[in-house]
1. Within the bounds of region 90-99, is there any residue that is hydroxyl-bearing (Ser, Thr, Tyr), within 13 Å of ligand 1 (Cβ to nearest atom) and either in contact (Cβ under 8 Å) with a residue 12 or more places away in the chain or closer than 30 Å to residue 40 by Cβ (or both)?
2. From the list 156, 167, 163, 191, pick out the single residue that is crowded, with 24+ Cβ neighbours inside 10 Å, away from ligand 1 (no atom under 16 Å from the Cβ), over 20 Å from residue 32 (Cβ atoms) and of a type outside the set (Phe, Trp, Tyr).
3. Report the residue count in region 58-68 for those that are surrounded by fewer than 20 Cβ atoms within 10 Å (Cβ to Cβ) and over 17 Å from residue 119 (Cα atoms).
4. Can you work out which of the residues in region 18-46 that are without any contact (Cβ under 8 Å) to a residue 40 or more places away in the chain and of a type outside the set (Phe, Trp, Tyr) is nearest to residue 121 (Cα to Cα)?
5. Select from region 54-89 the residues that are more than 17 Å from residue 31 (Cβ to Cβ), of a type in the set (Lys, Arg) and without any contact (Cβ under 8 Å) to a residue 60 or more places away in the chain and list them in ascending order.
6. Consider residue 80 carefully, then state whether it is crowded, with 24+ Cβ neighbours inside 10 Å and among the small types (Gly, Ala, Ser).
7. Could you please give the count of residues in region 42-63 that are in a helix (DSSP H, G or I) and of a type outside the set (Gly, Ala, Ser)?
8. Anything in region 92-101 that is touching a Lys or Arg at 6+ places or on another chain (Cβ under 9 Å), assigned to a helix (DSSP H, G or I) and buried (at least 24 other Cβ atoms within 10 Å of the Cβ)? List them, or say none.
Amino acid sequence: MDIRSYDMGDIDIAWCPGCGNFGILKALEGALTEMKIEPEGLVMVSGIGQAAKIPHYMKCNTFNGLHGRALPAAVAIKAANPGLVVVAESGDGDMYGEGGNHFLATIRRNPDITNVVHNNMVYGLTKGQASPTSQRGFVTPVQIGGVILEPFNPIAVAVALDASFVARAFIDDVDMTKEIIKKALSHRGYALVDILQPCVSFNKTNTYKWFKDHTYYLEGSYNPGDRVRAFEKAIHSTKFPLGVIYTNPKKATFEGGLNVYAEDSTPVTRRERNLKKLQQFIDKKRKP
Ligand SMILES: Cc1ncc(C[n+]2csc(CCOP(=O)(O)OP(=O)(O)O)c2C)c(N)n1
Ligand code: SF4
Ligand SMILES: [Mg+2]
């Protein structure tokens, strides 16, 4: 299997030249290819936005949900067919703003899915309004005096909720981003990969240079199993740490705890439908 397995051929890609989304697509496809994950066994789930277009550019199973609604669909797909590799992927606005409550609920449920977030600190698709991760003072056509709120910190929130895998990457380094995505895909349980991604058209503040000046790689001796240390790293205010920040591999998965798999591990999508039994169940419910 090679990287062309995901190739859609000669299609138009509606991202601006220089956008960090291209690097993320390359890193993701590279990770999937090196891990020999076949397109038939993969489902890419997204919401709405520039980042959320990523499944459109990959030859695999896809589900494009409403704005902010990628995660519940991804959790349901994994629960219905646990043998699939499920990746929920969207932007910072989609995942942390419109989909914010699903972000919290999904971390608590711990389904075995990978959640990739393209964090450009802006609403790119709708041309440059502030997103939850926009930095204080960021000026936009709507926030003309600059953003007055502190940015949402997805890494700190994920560690606080004991998410089972929390990582951050910067797409200037495609190879390192690929390696981090591979670790997330190998992890059993919910895995967050927040990728810092410049939007070259609508965010002239958080540029490639700005991210370079405001990031650093975690040292080799760093232990991602230490939750308190991970939280300290997450709330570091001047520079963002890159790498695997926190892991808790001991957490049980959501689908693993479902009653429906207690005695039979056959995915519910593969089971024979017992219509007679279903009718009996409906009739019983209808009885006064
Ligand atoms: C319910 C709803 N509200 C608002 C919108 C408009 N809208 C579409 S994309 C978007 C923001 C996307 O931002 P982000 O998720 O950061 O993705 P990016 O375009 O930056 O990659 C908004 C507000 C919508 N489509 N649906
Ligand atoms: S608007 Fe920004 S995020 Fe969207 S494709 Fe262009 S550079 Fe990328
Ligand atoms: Mg965005």
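The values are calculated or read from the model by the stated rules, or taken from the named source; none is laboratory data. For clarity, every value in this text was computed on a predicted model and none was experimentally measured. With ideal geometry, Cβ positions are generated from the backbone for all residues, glycine too; neighbour counts draw on all protein chains shown.
1. So in region 90-99, the residues hydroxyl-bearing (Ser, Thr, Tyr) come out as 90, 96.
Adding the requirement that they be within 13 Å of ligand 1 (Cβ to nearest atom) leaves 90, 96.
From the residues that got through so far, the ones that are either in contact (Cβ under 8 Å) with a residue 12 or more places away in the chain or closer than 30 Å to residue 40 by Cβ (or both) too are 90, 96.
Yes: region 90-99 contains one or more residues that are hydroxyl-bearing (Ser, Thr, Tyr), within 13 Å of ligand 1 (Cβ to nearest atom) and either in contact (Cβ under 8 Å) with a residue 12 or more places away in the chain or closer than 30 Å to residue 40 by Cβ (or both).
2. Details: 156 fails: crowded, with 24+ Cβ neighbours inside 10 Å; 167 fails: over 20 Å from residue 32 (Cβ atoms); 191 fails: over 20 Å from residue 32 (Cβ atoms).
Result: 163 is the single residue among 156, 167, 163, 191 that is crowded, with 24+ Cβ neighbours inside 10 Å, away from ligand 1 (no atom under 16 Å from the Cβ), over 20 Å from residue 32 (Cβ atoms) and of a type outside the set (Phe, Trp, Tyr).
3. So in region 58-68, the residues surrounded by fewer than 20 Cβ atoms within 10 Å (Cβ to Cβ) come out as 59, 61-64, 66-67.
Now restrict to residues that are over 17 Å from residue 119 (Cα atoms): 59, 61-64, 66.
Counting residues in region 58-68 that are surrounded by fewer than 20 Cβ atoms within 10 Å (Cβ to Cβ) and over 17 Å from residue 119 (Cα atoms) gives 6.
4. In the first step, residues of region 18-46 are kept if they are without any contact (Cβ under 8 Å) to a residue 40 or more places away in the chain; the result is 22, 25, 29, 33, 36, 38-40.
Next, only the ones that are of a type outside the set (Phe, Trp, Tyr) stay: 25, 29, 33, 36, 38-40.
Numbers: 25: 18, 29: 24, 33: 29, 36: 32, 38: 32, 39: 30, 40: 33 Å.
If we take residues in region 18-46 being without any contact (Cβ under 8 Å) to a residue 40 or more places away in the chain and of a type outside the set (Phe, Trp, Tyr), then 25 is nearest to residue 121 (Cα to Cα).
5. The one that is more than 17 Å from residue 31 (Cβ to Cβ), of a type in the set (Lys, Arg) and without any contact (Cβ under 8 Å) to a residue 60 or more places away in the chain: 69.
6. Numbers: crowded, with 24+ Cβ neighbours inside 10 Å: no; among the small types (Gly, Ala, Ser): yes.
So residue 80 does not fit the description; no.
7. At the first step, the residues of region 42-63 found to be in a helix (DSSP H, G or I) are 51-57.
Filter once more, keeping what is of a type outside the set (Gly, Ala, Ser): 53-57.
Of the residues in region 42-63, 5 are in a helix (DSSP H, G or I) and of a type outside the set (Gly, Ala, Ser).
8. Our first condition is that a residue be touching a Lys or Arg at 6+ places or on another chain (Cβ under 9 Å); within region 92-101, this holds for 94, 98-99.
Cutting the leftovers down to assigned to a helix (DSSP H, G or I) gives us 94, 98.
Correct list: 94 only.
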